[in-house]
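To start, the structure under review is shown below, and the notes come after it.
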Amino acid sequence: MTRPSGSQRNKPDRVCVGAVAGAYGVRGEVRLKSFCADPEAIGSYGPLWSEDGARSFEVTLGAPVAQGFAARLGGVTTREQADALRGIRLFVDRDRLPSLPDDEFYHADLIGLEVFDTGGASLGRVKAVLNHGASDLLEVVSPGQKGAVLLPFTRVIVPTVDLAAGRIVADPPEGLLE
């Protein structure tokens, strides 16, 4: 695997695409939550890796279940083994993911970027990208500021994302940062 160059050097070579929510049934299946835009795509990326890279799993999707899929992970054959994986986040090699249009981004690429207002003043850094159902929110933290600001990730509020420069330009609604 080749290492990213330039400002991408600090970005992960793997991207989180799902998580194990627990065991499903008694024969080693898991309840798999997919973080992919097309939830079923999680089964087509090849082996998925644990966050530390120590384990890899071939994935076979089963039926859709509440908040995900019933799935088989290679090497997991008992309910106890499946239950032991509860909470594990699963990653795919970045080069296995499809290329995105210019106005779409992988959450992993946004985390850590510095956010500036339209006047050039720093607002902080993106700590996380959240989605509670309506649309994505950037969780922006700033040194010396108590708590984080949730910035709606829309074109109107975030007109510029420059991955090469490692920066985001935002025009937050009045009163959001007070």
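Each reported figure results from applying straightforward, stated rules to the coordinates on display, with no laboratory input. Keep in mind it's a predicted model, so treat the numbers as computed, not measured. Cβ sites come from the backbone with ideal geometry, for glycine too, and all protein chains shown count toward neighbours.
Structural remarks
- Spatially, the stretch 130-172 and the stretch 36-91 are offset by 30 Å when compared through their Cα centroids.
- Applying the criteria of a DSSP loop state and at most 11 other Cβ atoms within 10 Å to the GluC sites (Glu not before Pro) of the stretch 95-139 yields Glu104.
- Other-chain or far-sequence residues with amide H under 5 Å of Leu123's (modelled H): Val115, Phe116, Asp117
- Highest-MSF residue in the chain out of Leu150, Leu100, Leu32 [GNM, Cα springs under 10 Å]: Leu100
- Each of Glu80 and Ser56 was given a label point 7 Å from its Cα along the Cα-to-Cβ line. The distance between the two points is 2.8 nm.
- Treating r as the C-beta distance of Val156 and Arg27 and R0 as 35 Å, the FRET efficiency rounds to 0.10.
- The stretch 57-110, relative contact order in percent, only Cα pairs under 8 angstrom and at least six apart counted: 21
- Taking all Cα pairs closer than 8 Å and separated by 6 or more residues, the relative contact order of the chain comes to 18 percent.
- Amide H contacts of Arg55: Ser50, each under 5 Å away and 5 or more positions distant or on a separate chain (H built 1.01 Å from N in the peptide plane; Pro and chain starts excluded).
- Within the stretch 99-140: backbone nitrogen closer than 16 Å to the Arg167 label point (7 Å, Cα to C-beta): 112-126
- Amide H contacts of Glu29 (H built 1.01 Å from N, under 5 Å, at least 5 apart or other chain): Tyr24
- Distance (nanometres) between label positions extended 7 Å along Cα→Cβ at Asp13 and Ser99: 2.2
- Here the dipole of the stretch 67-163 is about 460 debye; that uses its Cα centre as origin and unit charges on the Cβ of Lys and Arg (positive) and Asp and Glu (negative).
- In the chain, the DSSP-assigned H stretches of four residues or longer account for a calculated mean residue ellipticity at 222 nm of -1000 deg cm²/dmol, using -39500 (n - 2.57) per stretch and the full residue count as denominator.
- Given charges at Cβ of Lys, Arg, Asp, Glu: the stretch 127-178 dipole, positive-most of Leu176, Val156, Leu138: Leu138
- Which of Tyr45, Ala23, Phe105, positive extreme of dipole for the chain (C-beta unit charges): Ala23
- Low-density loop positions, trypsin sites (Lys or Arg not before Pro), the stretch 51-160 - DSSP coil, at most 11 other Cβ in 10 Å: Lys146, Arg155
- Placing +1 on the Cβ of every Lys and Arg and -1 on the Cβ of every Asp and Glu, with nothing else charged, gives the chain a dipole about its Cα centre of roughly 680 debye.
- Correct choice for Kirkwood radius over Cα pairs in Å that was computed from the model, options (1) 17.9; (2) 20.2; (3) 16.3: (1)
- Point-to-point label distance, Glu174-Gln145, nm (Cα→Cβ direction, 7 Å offset): 1.9
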